[in-house]
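Notes to accompany the following structure.
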There are 2 protein chains.
Amino acid sequence: MTETTENKDLVQEKVQDDNVQAENVSTENDVVEQQEAELTIEEQYEAKLAELQAKLDDEENRHLRLRADFDNMRRRNQLDREAAEKYRAQSLLSDLLPVLDNFERALQVEATSEEAASIVKGIEMVYRSLIEATEKEGLQVIKAEGEPFDPNIHQAVMQEQDSEKETGVILRELQKGYILKDRVLRPSMVSVNE
Amino acid sequence: MTETTENKDLVQEKVQDDNVQAENVSTENDVVEQQEAELTIEEQYEAKLAELQAKLDDEENRHLRLRADFDNMRRRNQLDREAAEKYRAQSLLSDLLPVLDNFERALQVEATSEEAASIVKGIEMVYRSLIEATEKEGLQVIKAEGEPFDPNIHQAVMQEQDSEKETGVILRELQKGYILKDRVLRPSMVSVNE
């Protein structure tokens, strides 16, 4: 808006200058003055052209910047979308980890009667189908026992000694850890060989 | 845009005024050629100005269009993100529905021994924690028995007769149906009163 207002002002100035010029011509009829006035008009035009060109340059720069912003946003959105898609089940899977823990604890009972054994067998099938559903979404159990301790995926809660095994090797897993694709949802809680 | 067009008109009128003025001068003075050359230069400048102005207008239009595209993309991305976020757990929840079915079937056994009863009780707690995790993500059981049949959320697999109940009311639920927020994941399978 201010730019077009400036345009009008320029035109206004020009009109006033022309009036002056007209007076000069009519009163003195002097060629020198005429030439001077002519130069002034040229200069005015050049100034106006320069001004317009500067605006055009600005506008082109503005366009280039917006174009760059546009492309950046598109790229960022693409990455966001991919990440959101990749880890879409993270929230539910995180909530399922204690369910899996409880499930495993419940299945650790040793059934002595045939009836109890039959129930446990049925429930084990349910547990396996639950594990399959979570694996399909990318949930994986972190390997622990016998692996070298890795602070990125294991949490050492105690140290033990086993002279027959290497230092820094995981001796026992106290709680399962889980990874979603490449993201650790919960590290394994482990005991490490001193 | 209209303002710059008006500007052009203004410049145009001005040129015509100058022509009139120039004619007046030329009849009185001996600078006809000079004036004609001047007019030509002015016309050239005006043409250049008009050309630059047209480019500027184009550039401004181009910018406005890109700006509009930019805003549209931002809005669309926002909506996409919201939808992706809202239904993020849909895939895993869909896979969990048969797990829930099996779980319920396994829990329908009537335990006669104390051992079996204790195991079932433990497993029921696991089941409830699983249900809670799915509810937290927006999974809801579709109401069925006693509700009027709704083809949007119920699937009629048989008809029965109960003269004490209204026609079109659901008499029995044969398989649970589930909704994720406002999206039906699986309709209830029901028996409807004739």
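The values are calculated or read from the model by the stated rules, or taken from the named source; none is laboratory data. Source: prediction; values computed, not measured. Cβ atoms come from the backbone with ideal geometry, glycine included; neighbour counts cover every protein chain shown. Heads up: the accessible areas ignore ligands, DNA and RNA and are worked out on the full protein's heavy atoms, side chains in. Shrake-Rupley method; radii C 1.70, N 1.55, O 1.52, S 1.80 Å.
Between amide H atoms placed 1.01 Å from N, distances below 5 Å from B:Asp162 occur with B:Glu194, all of them 5 or more places distant or on a separate chain.
The range B:83-163: D in µm²/s via Stokes-Einstein (Kirkwood Rh, Cα pairs, 10 °C, 1.306 mPa s)?
Values: Rh = 15.6 Å.
Stokes-Einstein gives a translational diffusion coefficient of 102 µm²/s.
Can you pick out the pairs among A:Lys176/B:Lys143; A:Lys143/B:Lys181; A:Lys143/B:Lys176; B:Lys121/B:Lys176; A:Lys121/A:Lys165 whose Cα atoms lie more than 32 Å from each other? Checking Cα-Cα distances, A:Lys176/B:Lys143; A:Lys143/B:Lys181; A:Lys143/B:Lys176; A:Lys121/A:Lys165 exceed 32 Å. Scalar couplings 3J(HN,Hα) for the range A:57-62, obtained by applying the Karplus form with A = 6.51, B = -1.76, C = 1.60 to θ = phi - 60°, are 4, 4, 4, 5, 5, 4 Hz; x denotes Gly and Pro.
Backbone geometry of the range B:146-163 corresponds, through the Karplus equation with coefficients 6.51, -1.76 and 1.60 at θ = phi - 60°, to 3J(HN,Hα) couplings of x, 8, x, 4, 10, x, 6, 10, 10, 10, 7, 9, 7, 10, 9, 10, 9, 5 Hz, x marking Gly and Pro.
For the range B:105-140, the set of GluC sites (Glu not before Pro) satisfying both a DSSP loop assignment and a count of at most 11 other C-beta atoms within 10 Å is given as B:Glu110. Does a label point 7 Å from the Cα of B:His63, set along Cα-to-beta-carbon, have any residues of the range A:54-77 with amide nitrogen under 11 Å, and which are they? What the label zone holds, given the 11 Å backbone N cut-off, is A:55-66. Counting Cβ atoms of other protein chains within 10 Å of each residue's Cβ and taking the mean over peptide B:137-146 gives 1. Peptide B:120-133 shows a mean partner chain C-beta count of 6 within 10 Å per residue C-beta. Solvent-accessible area of the range A:39-110 (1.4 angstrom probe, protein heavy atoms only): carbon and sulfur portion equals 49 percent. For the pair A:Ser163 and B:Glu104, label points projected 7 Å from Cα toward Cβ lie 6.0 nm apart. Each residue of the range B:140-145 was assigned a 3J(HN,Hα) from its phi angle through the Karplus expression (A = 6.51, B = -1.76, C = 1.60, θ = phi - 60°), giving 9, 6, 6, 5, 9, 3 Hz with x at Gly and Pro.
Gap in Å between the Cα centre of the range B:170-194 and the Cα centre of the range A:58-72? Answer, in whole Å: 53.
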